Amino acid sequence: MEHVSIDQLSILLIEPSNAQRKIIMSQLQEEGVHEIKTADSLESGKELAQEWRPDLVVSAMHFADGTALDLVAHVKSSEAGEDTQFMLISSEYRKEQLEAYRQSGVVAILPKPFELAHLHSALMSTAELLGHENLDLEYLEPQDLRVLLVDDSALSRKIIRRTLNTLGMEEITEAEDGKEAIQLLQDNNFDLVITDYNMPKVDGLMLAKYIRQYSAQPMVPILMVSSDANESHLSNVAKHGVNALCDKPFEPQLVRRLLKQLLEE
């Protein structure tokens with residue numbers, strides 16, 4: 001079991017505004033972060049990320065030479081950058097503009113200006129993703145849990161799998177959509193199903209309905225992942241037998257709490 005704390009994080013801050021860089025850097029230092037490097041352009045940020053390999057990149061969305069998505073793709077394209085986490089800080093509020101960042105696996109999306117409590121939560125999530133602290137269950141061992149992970153995005157599956165691995169879960173079977181998941185459920189038993197909401201062919205709600213009404217394991221806990229996890233959404237999925245709804249980004253602290261609740265009921 002390896003614990004990582006906020007003050008152990010190395011952070012690369014990429015922000016074109018000199019004033020904003022100073023403000024965000026000061027707030028990071030207030031949270032106890034000591035190892036911080038900065039860049040004011042996408043290109044210089046890419047170079048620093050490549051050379052330094054920080055634990056976390058904190059980035060604005062728009063630059064004169066590109067966007068933060070270009071940065072994420074650049075760093076994640078190399079094996080050495082797979083463990084680097086990303087946090088987006090932006091004044092953008094439109095859902096359609098932020099969706100690509102949610103799907104890219106950023107650890108948090110913070111508005112400008114943001115509250116220190118939100119920054120603290122995002123830093124805690126980063127530390128937890130980099131550490132390996134097993135899920136503490138009263139009667140079950142996390143490494144023995146059989147998990148079915150369903151998502152049509154290979155990147156999303158990779159992100160969720162990594163989060164589950166940090167919680168000690170190792171026996172994870174993946175499905176590209178609800179149709180493939182149904183086939184797997186017909187031949188295998190699982191202790192937990194984690195599924196995306198929006199998928200082609202058979203979506204998350206249709207999969208939940210199949211599990212509850214037609215499968216051989218109708219009581220298996222179902223955790224649904226959605227980029228639009230609001231109260232009305234939660235009420236809708238609950239009618240279809242979903243036990244809990246989790247927003248994207250997939251936050252380890254929330255996932256830990258939800259899974260402990262689901263698996264110990």
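Out of the DSSP beta bridges found with both residues in the chain, what percent are antiparallel (nearest 5)? So the antiparallel bridges amount to about 10 percent of the total.
Once you reduce region 246-261 and region 12-37 to the center of their Cα atoms, the two points are 27 Å from each other.
Full extension of the segment from His34 to Ala80, taken as 0.36 nm per residue of separation minus the current Cα-Cα distance, would add 14.3 nm.
The modelled label-to-label distance for the pair Tyr93/Gln217, using points 7 Å beyond Cα in the direction of Cβ, is 4.3 nm. Computed over the chain with a Gaussian network model linking Cα atoms closer than 10 Å, the most mobile of Leu98, Leu88, Leu130 is Leu98.
The chain: longest stretch without exposed chymotrypsin sites (Phe, Trp or Tyr not before Pro) (DSSP loop, at most 14 other Cβ within 10 Å), sites themselves excluded?
Working: sites that count: Tyr93, Tyr139.
Answer - 140-265.
Calculate how many DSSP beta bridges within region 57-186 are antiparallel, expressed in % of all such bridges and rounded to the nearest 5.
15
What ranking of Leu245, Leu149 comes out by heavy-atom accessible area, probe 1.4 Å, highest first?
Details: Leu245 25, Leu149 0 Å².
So the residues, ranked largest to smallest area, are Leu245, Leu149.
Output the pairs from Lys22/Lys76; Lys22/Lys158; Lys158/Lys239; Lys95/Lys201; Lys112/Lys201; Lys46/Lys260 with a Cα-Cα distance over 32 Å in this structure; if there are none, say none.
Details: Lys22/Lys76 27 Å; Lys22/Lys158 34 Å; Lys158/Lys239 29 Å; Lys95/Lys201 24 Å; Lys112/Lys201 38 Å; Lys46/Lys260 38 Å.
In this structure, Lys22/Lys158; Lys112/Lys201; Lys46/Lys260 exceed 32 Å between Cα atoms.
Of all stretches in the chain that contain no trypsin sites (Lys or Arg not before Pro) in a DSSP loop with at most 16 other Cβ atoms within 10 Å, the longest one is 95-200. The charge dipole of region 165-265, taken about its Cα centre with unit charges on the Cβ atoms of Lys, Arg (+1), Asp and Glu (-1) only, comes to about 340 debye. In the assembled protein chains, Asp177 presents an accessible area of approximately 20 Å² (probe radius 1.4 Å).
Convert 10 °C to kelvin, take the viscosity as 1.306 mPa s, use the Kirkwood radius over C-alpha pairs of region 97-166 as Rh, and evaluate the Stokes-Einstein diffusion coefficient in µm²/s, rounded to a whole number. Reported coefficient: 112 µm²/s.
Taking a ≥ b ≥ c as the square roots of the eigenvalues of the alpha-carbon gyration tensor, region 127-265 is classed rounded because a/c is under 1.5.
Would you work out the relative contact order for the chain, in percent, from Cα pairs under 8 angstrom that are 6 or more residues apart? Working shown, then result.
Values: 468 pairs, mean separation 38.4, N = 265.
Once divided by the residue count of the chain, the mean separation gives 14 percent.
Under the convention that each Lys and Arg Cβ holds +1 and each Asp and Glu Cβ holds -1, the size of the dipole of the chain around its Cα centre is about 700 debye.
The values are calculated or read from the model by the stated rules, or taken from the named source; none is laboratory data. Computed from a predicted structure; not experimentally measured. Using ideal geometry, Cβ is built from the backbone for each residue, glycine included, and neighbour counts are taken over all protein chains shown. Side chains are part of the model used for accessible areas, which takes the heavy atoms of the whole protein and leaves out ligands, DNA and RNA. Shrake-Rupley method; radii C 1.70, N 1.55, O 1.52, S 1.80 Å.
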